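The values are calculated or read from the model by the stated rules, or taken from the named source; none is laboratory data. Worth saying up front: this structure is predicted, and the values here are computed from it rather than measured. Cβ sites come from the backbone with ideal geometry, for glycine too, and all protein chains shown count toward neighbours. SASA here: full protein model, heavy atoms, side chains in, ligands and nucleic acids out. Shrake-Rupley method; radii C 1.70, N 1.55, O 1.52, S 1.80 Å.
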Amino acid sequence: MPPSRLFSPVPLVLRHGRPASRRAPLYGAASFRGCSCSAPQRQQETVNTAQATNPNPRLNPTTSNPPTPPTDHRALAQKHELFITSPYSPGSPLLLPNGAYIFQKLQAFLRAQYPQFGFQEVITPTIYKKSLWEASGHWENYAEDMFSVQGRGATGTTENAQVGQDEEFGLKPMNCPGHCLLFRDEIKSYRDLPIRYADFSALHRNEVSGSLTGLTRVRRFHQDDAHIFCRPDQIQEEIDQTLKFVGMVYDNFGLGPYKLLLSTRPKDHFIGTVEEWDRAETQLKTVLDKSGRHWDLNEGDGAFYGPKIDIILKDSNGKEHQTATIQLDFQLPQRFDLQYQASPLELETGPAPQAAGSLDAANRRPVMIHRAIYGSLERFMALLIEHYAGKYPFWLSPRPAIILSLNQDEKVLEHVSHIKSVLSGLKAKRNPDKAGPLPLSATHLPIDTDTTARSLAAKIKHARAKKYNHIIVVGPKEVETEKMQLRLASQPNPEQAVHKLKQILPWQVNESDTTSGKNVELSIREARRYFEFLVDSYL
């Protein structure tokens, strides 16, 4: 899905819904490099309106001025050991274990939601021949932002492209053509639609070196990319369900308020007819109007193949970033000659309105919807890093707990090791020489330990600075009773954490004790059960 570019002149963003009360000041040079199939975006002038109560709580109300987080994600990433960059691969961050943990949890969260929204995950190549990108229209409209690669022979010729190795290749900046190939592999019936493909493949875009910034502007990234192939009569339902998906995810992370923009046909560099664009834009407007959500019109900022709906958030520097996107596409199905067996009702309406390609009289073209919830996972991570400022929800936190030894007695250290193995999900190994596979359902947690000879006060101070969700203290008493002392530390939602803890220890937990930094005594099994509660509740 191609990204957005910064252009001038400045288009006017019009308000739909409630009338505009006054015009807001122009934003600074916003970093609009979207990571979905988006076309060049431009610096924007907005209309500021009074924020109304949203009748549909699934999405936060839109705003002309999304909040600015207090701290840059690059500074936080250094403090919490999330990622580094290297001059040997500019714009391709190297994720440290803590950053990789957050990245993988973000992927796992969406994977857990895919079944209820009907998505099937696929894996597609990283590199395709130039002829594929020419067929999709990307080579003509997007080549300057692609990395070209040459195979054996290095002549770059496209002759005998299907079998030869000399043709020029391109690293993929988006997944759309690959998903079209999957759909085209066999003729589908109207009963098979909609078909929803999801893909986490790595993407590459040849960004200008001076624009690279941490995780928000990169050259290599991953996208929660998906494409829906549906019948025309299914468009409204699919977009409505996608808006619900977006709302559920953003509410879970507590992100927003944010801007909801409908971007329309660009003046130049678009494919298809004006009539096709008008029809697609009308359908998106209808869905947005019926959704009850407020939205803005961003004229001329659509992708080169279709209009789109974008979610815009601000980073700590005040720059705006596209995250979620929903894009309607009538063009790629024509370019790749995608078709499905028409329903009896469709056949009764007469011949297909689009006769391009080799469309059979009994078939129809599907509509393609490009969809991303996070957008770029790296960019979404950057915004979450700033949003949580080290206080991550337990299920997402790379530092859910640390176990501190009161001294360096051998029995204390053995008990610390045993507690770590149980709380992390590995459990105590009766026979360490005989390793077996862990179940796929196991919840693994990166539990850390501090068994240095420093004082307990120094260890606690260090653990608090590192923003561990929980601090566990183990000494001779805990060895004797086979228990531990647990303290809530950096919690983004301490009230809910206490509520879960009281479900485990209903008669032992005093809410005022936990919120004032006092310890709670519990067994290893009780602590593991409490941690599992937190993971399952997305706390």
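What order, most packed first, do the peptides 286-292, 314-320 have when packing is the mean number of other Cβ atoms within 10 Å of each residue?
Highest to lowest by the protection proxy: 314-320, 286-292.
What figure, in Å² to the nearest 10, do you get for the accessible area of Thr481 with a 1.4 Å probe and non-protein molecules left out?
For Thr481, the solvent-accessible surface is approximately 60 Å².
Which of the three applies to region 300-444, rounded, prolate or oblate, going by the alpha-carbon gyration tensor with a ≥ b ≥ c and a/c under 1.5 meaning rounded?
oblate
When a/c reaches 1.5 or more, the comparison of a/b and b/c decides; with that in mind, is region 93-143 rounded, prolate or oblate per its Cα gyration tensor?
oblate
At a Cα cut-off below 24 Å, give the lysines reachable from Lys319, other chains included and same-chain residues fewer than 8 away excluded.
Lys79, Lys259, Lys308, Lys391
Ordered by residue, what ³J(HN,Hα) values in Hz, to whole numbers, does region 488-494 give under the Karplus form 6.51 cos²θ - 1.76 cosθ + 1.60, where θ = phi - 60° and Gly and Pro are x?
6, 10, 7, 10, x, 9, x
Among 90-100, 261-271, 113-123, what's the highest-first ranking by average C-beta atoms within 10 angstrom per residue?
So the order, starting with the most tightly packed, is 261-271, 90-100, 113-123.
Expressed as cubic angstrom per residue, what is the convex hull volume of the alpha carbon set of region 301-376?
Per residue, the Cα convex hull of region 301-376 comes to 112 Å³.
Highest mean first, how do 133-146, 387-400 rank when packing is the count of other Cβ atoms within 10 Å averaged over residues?
My ranking of the peptides, most packed first, is 387-400, 133-146.
For region 401-461, report the translational diffusion coefficient in µm²/s to the nearest whole number, using Stokes-Einstein at 10 °C, 1.306 mPa s, and a Kirkwood Rh over Cα pairs.
123 µm²/s
What are the principal axis extents of the Cα atoms in region 377-494, in Å, biggest first?
45, 39, 22
Report the net charge of residues surrounding Leu345, where surrounding means a beta-carbon distance below 13 angstrom and charges are Lys +1, Arg +1, Asp -1, Glu -1.
Once all neighbours under 13 Å are counted, the net charge is 0.
Quick one: if you stick a label point 7 Å off each Cα along the C-beta vector at Ser211 and Ser343, how many nm between them?
4.2 nm
At a probe radius of 1.4 Å, what is the per-residue accessible area of Leu438, in Å² to the nearest 10?
Solvent-accessible area, nearest 10 Å²: 100 Å².
With each pseudo-label sitting 7 Å past Cα toward Cβ, what's the Glu144-Glu532 distance in nm, one decimal?
Label at Glu144, label at Glu532, 5.7 nm between them.
In nm, what is the difference between 0.36 nm times the number of residues separating Leu94 and Asp240 and their Cα-Cα distance? Mind showing how you got there, number by number?
Numbers: separation 146, 0.36 × 146 = 52.56 nm, distance 3.65 nm.
So the chain would gain 48.9 nm between Leu94 and Asp240.
Considering only protein heavy atoms and a probe of 1.4 Å, how much of the accessible area of region 370-513 is carbon and sulfur, as a whole percent? Kindly include the intermediate steps, with their values, before the conclusion.
Working: 3470 of 6880 Å².
Ligands and nucleic acids excluded, carbon and sulfur reach 51 percent.
Is the shape of region 208-312 best called rounded, prolate or oblate, per the rule: a/c under 1.5 gives rounded, else a/b larger than b/c gives prolate, else oblate, with a ≥ b ≥ c the square roots of the Cα gyration tensor eigenvalues?
Oblate, since a/c reaches 1.5 and b/c is not below a/b.
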